[in-house]
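The values are calculated or read from the model by the stated rules, or taken from the named source; none is laboratory data. Note that the structure is a prediction, hence the values are computed from the model and not measured. So basically every Cβ, Gly included, is an ideal-geometry build from the backbone, and we count neighbours across all protein chains shown. What goes into the accessible areas is simple: the full protein's heavy atoms, side chains included, and nothing from ligands, DNA or RNA. Shrake-Rupley method; radii C 1.70, N 1.55, O 1.52, S 1.80 Å.
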Amino acid sequence: MVQALVLEKKGELSLRDIDLPLEVGPDDVKISIHTVGVCGSDVHYYTHGAIGSFVVREPMVLGHEAAGVVTAVGAHVKNLKVGDRVCMEPGVPNMNSRATKLGIYNVDPDVRFWATPPIHGVLTPEVVHPAAFTYKLPANVSFAEGAMVEPFAVGLQAATRARITPGDVAVVIGCGPIGIMTALAALAGGCSRVYISDLSAPKLAIAGQYPGIHPVNITERPLAEVITDETEGWGADVVFEASGSPRAYEGLFDIVRPGGTLVLIGMPVETTKFDVAAAIIKEARIETVFRYANNFDRAVNLIASGKVDLKPLISETFDFARSIEAFDRAAKGLPTDVKLQIVMPG
Ligand SMILES: [Zn+2]
């Protein structure tokens, strides 16, 4: 039995002992968990008991944004050794699947993803994980930053799917953690400037700390008006939708330039309408983003290079013993909180 933060059912968390498998297979590593970020999806399972067709039917350990130290390695593992500081990619595909063979393992229907029912997450002292999905952290990348690699990889997936050309002007709709990660990834990917929109002034103030990110408060001025002004009526080269709000789709193509790109990241809860004719008239390219593939190593490299600093986005750190408090705080969705993290004991 090991200690873990367990979601018993919708609305009920407990810190208790649970049986988790810890055998190390030949291609696996065992990791002593150091830091785990609290993600919107973890909080959504806590508050709603489900995300789409994924329903919490049995007690499940939460947490999927993690960094730690390797404590054991399987017989076939060559890329890691005991004592390495690492972060982990939480989705493990079937290595023999067609999706995996195509390099799009994130959309493998058989992917097993931490803290997505029925797979347990990592808010527990130790986990076993395939070495192929475990990434070494350079000495200058902290555990806290290592636990930020997972959400940043979503931003990098969006920037990759956008096929940014150096100097592009981008818009990110939605200033939550993923919106900010996307804006930073768009800048790292070559955008000259990024406008980020939201209704929340405190969220926009956090994003606006970064050079190159220009906050747009849509309670003061419509986004389309700002982008029209700022681009002499041409529109943005790339628009990233990171709010998941159906309202964001109203007039969305007014801010995309002719021949520009729309990247959909935020997942609306309900079926959402958009103006197909407006998209066609501009011959807009539409891309979608589901998690990430082949972006963890790039995320680690960008953080290590100093080009991307995610430290200002860590709002508060809780001890493992205060995990439930951390989740209750995250469930409040304070506009001044970007990322809450939990640190395991010694
Ligand atoms: Zn996450």
### Message
Residues that are on the phi > 0 side of the Ramachandran plot and at pLDDT 95 or above: does the range 9-22 have at least one?
### Response
yes
### Query
Taking the condition crowded, with 21+ Cβ neighbours inside 10 Å and part of a strand (DSSP E or B), does V29 pass?
yes
### Task
Kindly indicate whether any position in the range 273-294 is out of contact with any strand residue (DSSP E or B) (no Cβ under 8 Å at 6 or more places or on another chain), open to solvent by less than 50 Å² (accessible area, probe 1.4 Å) and part of a loop (DSSP other than H, G, I, E, B).
yes
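Would you mind listing the strands (runs of 3 or more DSSP E) fully within the range 42-153 where at least 3 residues are open to solvent by less than 20 Å² (accessible area, probe 1.4 Å) and not polar (S, T, N, Q)?
Output list reads 65-73, 85-88.
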### Query
Can you find a residue in the range 34-44 that is more than 16 Å from the ligand (Cβ to nearest atom) and at negative phi?
yes
### Query
Taking the range 1-20, which residues are open to solvent by less than 80 Å² (accessible area, probe 1.4 Å) and assigned to a loop (DSSP other than H, G, I, E, B)?
G11, L20
### Conditions (1) free of Cβ contacts under 8 Å to residues at least 40 places away in the same chain; (2) away from the ligand (no atom under 16 Å from the Cβ); number of the one not met by G155
(2)
### Message
If a residue counts only when it is surrounded by fewer than 22 Cβ atoms within 10 Å (Cβ to Cβ), which strands (runs of 3 or more DSSP E) contained entirely in the range 155-268 have at least 2 such residues?
### Response
213-217, 256-264
### Pair list, Cβ < 9 Å and 6+ apart or interchain, from the range 211-226 residues that are on the phi < 0 side of the Ramachandran plot to residues that are hydrophobic (A, V, I, L, M, F, W, C) and part of a loop (DSSP other than H, G, I, E, B)
P215/C175; N217/L199; I218/L199; T219/L199; L223/I255; A224/I255; V226/I218; V226/I255
